[in-house]
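Student: My questions will all concern the structure given below.
Bear in mind these aren't lab numbers, they're just calculated from the coordinates by the rules spelled out. This one's a predicted model, so the numbers in the text were calculated from it and none came from an experiment. Don't worry about glycine lacking a Cβ; one is built from the backbone with ideal geometry, like all the others, and counts go over all protein chains shown.
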Amino acid sequence: MKELPKQYPFIYVITDERFLNVFNIYEAVERAILGGAKVVQYRAKKKTTKEMLEEALLVREATRHHDALFIVNDRLDLALAAEADGVHLGQDDLPVEYAKEIAGENFIVGLSTHNLEQVEEANRKKEFIDYIGFGPVFPTTTKENPDPVVGVENLCRAVEISELPVVAIGGIFKENIKEVAACRPAGIAVVRAAFEKGDPYENMRELLSSLNSLKH
């Protein structure tokens, strides 16, 4: 089983179908990994299953070639078909215990949480979960109907009470990543900061430079 990165905090990038497609997703993901991303989640909501699998297989190829962790959002079937390292589930997706039973103990299962009550519920099911996402920390346009913004204070509290590694998500860019890192989450997830514009490699270097400046 692949494990979550030891780097602290690690950068977790999530693909966005508004910016990426079958023609550019491999290169974009590869550039992000070369820039320092340790985990790549494939996420698409509006494409056919066939289109999603085609793209997921390209992400699998890039992550395997560069030894990064590959997670598929929502869809356990796609994750298994693409030979991903894991799946990331939402509160209304397949329950985590079923995902673990179907995919096996060596398959990574992540769960989205949006408030402290959901973090506590994840603690109660921690034998089926490998990490949780918590957010959105800041306002985000990535989702059409985002959950309410949790803020940095609640993120810090979530990290405190969670018995699982926490990945912060939602509206995180180089301008505010230091605030997020101060809560000491295991990982920090970005979408637009990685793929909306510019070179994903340079985008990752800028994020990591902001994190490194926090350590000095």
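Student: Sort 71-79, 47-55, 59-67, 141-149 by packing, meaning the average of other beta carbons within 10 Å per residue, with the highest value first.
Tutor: 71-79, 59-67, 47-55, 141-149
Student: Work out the FRET efficiency for Asp199 and Lys50 from their Cβ-Cβ distance, taking R0 = 22 Å, and round it to the nearest 0.05.
Tutor: 0.15
Student: Return the distance in nm (one decimal) between the two label points of a simple spin-label model at Asn24 and Glu163, each offset 7 Å from Cα along Cα→Cβ.
Tutor: Modelled inter-label distance: 4.5 nm.
Student: Now a separate question. Sorted by average packing, counted as other Cβ atoms within 10 angstrom per residue and highest first, what order do 115-124, 33-42 take?
Tutor: 33-42, 115-124
Student: How many angstrom separate the Cα center of the range 125-143 from the Cα center of the range 15-82?
Tutor: Spelled out, the Cα-based centre of one part sits 18 Å from the other.
Student: If you work out volume of the Cα convex hull per residue in Å³ from the coordinates, which of [x] 132; [y] 109; [z] 150 do you get?
Tutor: For volume of the Cα convex hull per residue in Å³, the calculated option is [y].
Student: Tell me, what HN-Hα J-couplings in whole Hz come from the Karplus equation 6.51 cos²θ - 1.76 cosθ + 1.60 at θ = phi - 60° for each residue of the range 132-146, using x for Gly and Pro?
Tutor: Couplings: 10, x, 9, x, x, 5, 10, x, 9, 10, 5, 9, 5, 10, x Hz.
Student: Can you give the FRET efficiency to the nearest 0.05 for Glu101 and Ala182, using r as the Cβ-Cβ distance and R₀ = 45 Å?
Tutor: On the way: r = 37 Å, r/R0 = 0.83.
It comes to 0.75.
Student: Can you give me the relative contact order of the range 10-215 as a percent, contacts being Cα pairs under 8 Å and 6 or more apart?
Tutor: That works out to 21 percent.
Student: Could you calculate the contour length gain from Tyr8 to Leu116, that is, 0.36 nm times the residue separation minus the distance between their Cα atoms, to one decimal place in nm? Spell out each step's value before the answer.
Tutor: Working: separation 108, 0.36 × 108 = 38.88 nm, distance 2.25 nm.
Taking 0.36 nm per residue and subtracting the Cα distance, the gain is 36.6 nm.
Student: For Val72, enumerate residues with amide H under 5 Å from its amide H, sequence gap 5+ or separate chain, H modeled in the peptide plane.
Tutor: So Val72 has HN proximity to Tyr42, Gly86, Val87, His88.
Student: For the range 76-86, what does the Karplus curve 6.51 cos²θ - 1.76 cosθ + 1.60, with θ = phi - 60°, yield as ³J(HN,Hα) per residue in whole Hz, taken in order and with x for Gly and Pro?
Tutor: So the Karplus estimates, Gly and Pro as x, are 5, 4, 5, 4, 5, 5, 8, 6, 6, 7, x Hz.
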